[in-house]
Every structure is written in C-alpha cells, then in structure tokens.
Amino acid sequence: RALAQVRHPNVMAVYDAGEADEEICLVLELVNGATARVWRSAKPRTTAEIVAVWRQAAAGLMAVHRAGIVHRDIKPDNVFVADDGRVLIGDFGLARGGDLGQTTTTLTVSGAVIGTPLYMSPEQLHGATATIKSDQFALAASIWEGVLDERPFRGTTIAAIVLAMQKVPEIPKTATPE
C-alpha cells in the first residue's frame, strides 16, 4: 500500500496489493524492456549512457526513500530499462518501511541475510537492519559495475565479500580514462 502511493516516473507503478495464502501479492506496471544488466550487455554503451540510466534509477530510489521505504535489494537485475528509455526501480519483494512493516522485520528467520550479498552493505552482511544508506551503498556498487563492467567487491562466499569490503576497491587496469 505504501508503494502504491509512490508516483514517480522512475518507480515501477504498484496498482494493487493484497494477501493470498499468507503471502503479499502486488499488481505491478508492465514494463517492456530489459533489466539494467541485460541492457548494459546488449551492445557497447558509453559511460554517459550508463550514468544516465543509473541517474534515473537514483531518482526513483530517492522517491521510494522519501516515502519511508527501504528497498533492500537494489542491483542491476532490479532496475529496468524500458523500450521507451525510461528507467524504473522494481522488484519490491524485500522492501520494508512505510506501512509495509518496520525495517527490522525480515521475511525469513531472525537474523537472516535478506538481499543479494554481492550488492549489500557491510552492515547488512553482518545482519544489521537495512537502511536508506544500505540502498545507497547497493546503488553505488551497481553504478560501479555498470561503468566498469565488474563488481567493486568480489568473492565466492559472504565472508570473502565482507573481507574484500575492508579495502578500497581498485579501478580495473582495463578501465578507460573516461
């Protein structure tokens, strides 16, 4: 219901919300296009094009945050580039805040890591509550990946990712000066 109140060109519209068999169901806007990840890899993109997409995603995320909602799973697969060029934040399955519930509420067992570890903030990976800053961290990690075509923090386990986050990420040697 809180998401349905968010009206922004960069946020996927939520037309209705309800419950069925103890699960929350959302009726969302149909977006013809691709995820930011698929869009990025479909053909060569300039840095300006990539930044323009993520700028729109950031504007949508700001609108969601203004509504008191924390997305909790910002990543290239949850940002959509429509065929008309519009960029939308979507997949609010893990979102919390507003009247969706408190940000401390989890969808699984208490203390479980909720989200996609490759884009999660260090505090989330340690089991702390996701906040607006956590979403901003995930947005920055997604932008890094979009521009540089690799993730800022790599690892095959959550522990390895947390360890990688203790160091400033290095710009790859293959990156263009742009």
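Applying the condition of being farther than 24 Å from residue 118 by Cα and β-branched (Val, Ile, Thr) to region 19-35 and asking which residue is modelled with the highest pLDDT yields 31. Only one of the numbered conditions (1) within 14 Å of the chain's Cα centre (by Cα); (2) hydrophobic (A, V, I, L, M, F, W, C); (3) surrounded by fewer than 14 Cβ atoms within 10 Å (Cβ to Cβ) is violated by residue 128, and that is (1). For region 8-23, the set of residues classified as in contact (Cβ under 8 Å) with a residue 40 or more places away in the chain and not polar (S, T, N, Q) consists of 8, 9, 11, 12, 14, listed by residue number.
Please go through region 62-90 and give me each residue that is in a loop (DSSP other than H, G, I, E, B) and either farther than 24 Å from residue 129 by Cβ or without any contact (Cβ under 8 Å) to a residue 24 or more places away in the chain (or both), ordered by number.
To start, the set of residues in region 62-90 that are in a loop (DSSP other than H, G, I, E, B) comprises 67-68, 71-75, 83-86, 90.
Passing the criteria: 83, 84, 85, 86.
Scanning region 58-73 for residues that are touching a Leu at 6+ places or on another chain (Cβ under 7 Å) and at pLDDT 95 or above, we see that the one that is most open to solvent (accessible area, probe 1.4 Å) is 58. Checking each residue in region 19-35 for being outside any strand (DSSP E or B) and aliphatic (A, V, I, L, M) picks out 30, 31.
For every residue, the table says whether it meets (1) under 25 Å from residue 152 (Cβ atoms); (2) assigned to a helix (DSSP H, G or I); (3) at pLDDT 95 or above.
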{"residue": "17", "(1), (2), (3)": "no, no, no"}
{"residue": "37", "(1), (2), (3)": "yes, yes, yes"}
{"residue": "51", "(1), (2), (3)": "yes, yes, yes"}
{"residue": "94", "(1), (2), (3)": "yes, no, no"}
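A count restricted to region 27-57 and to residues that are out of contact with any Phe, Trp or Tyr (no Cβ under 9 Å at 6 or more places or on another chain), of a type outside the set (S, T, N, Q) and open to solvent by 30 Å² or more (accessible area, probe 1.4 Å) stands at 12.
Taken over region 27-61, the residue count meeting the criterion of being closer than 12 Å to residue 86 by Cα and in contact (Cβ under 8 Å) with a residue 60 or more places away in the chain is 4.
Note on region 115-178: enclosed helices (runs of 4 or more DSSP H) holding 2 or more residues that are within 22 Å of residue 54 (Cβ to Cβ) and either modelled with pLDDT of 90 or more or not β-branched (Val, Ile, Thr) (or both) are 122-125, 132-148.
The values are calculated or read from the model by the stated rules, or taken from the named source; none is laboratory data. It should be emphasised that the depicted structure is a prediction, and the values quoted were computed from it without experimental measurement. Cβ: placed from backbone, ideal geometry, glycine included. Neighbour counts: every protein chain shown. Accessible surface is based on the protein model in full, side chains and every heavy atom, while ligands, DNA and RNA are left aside. Shrake-Rupley method; radii C 1.70, N 1.55, O 1.52, S 1.80 Å.
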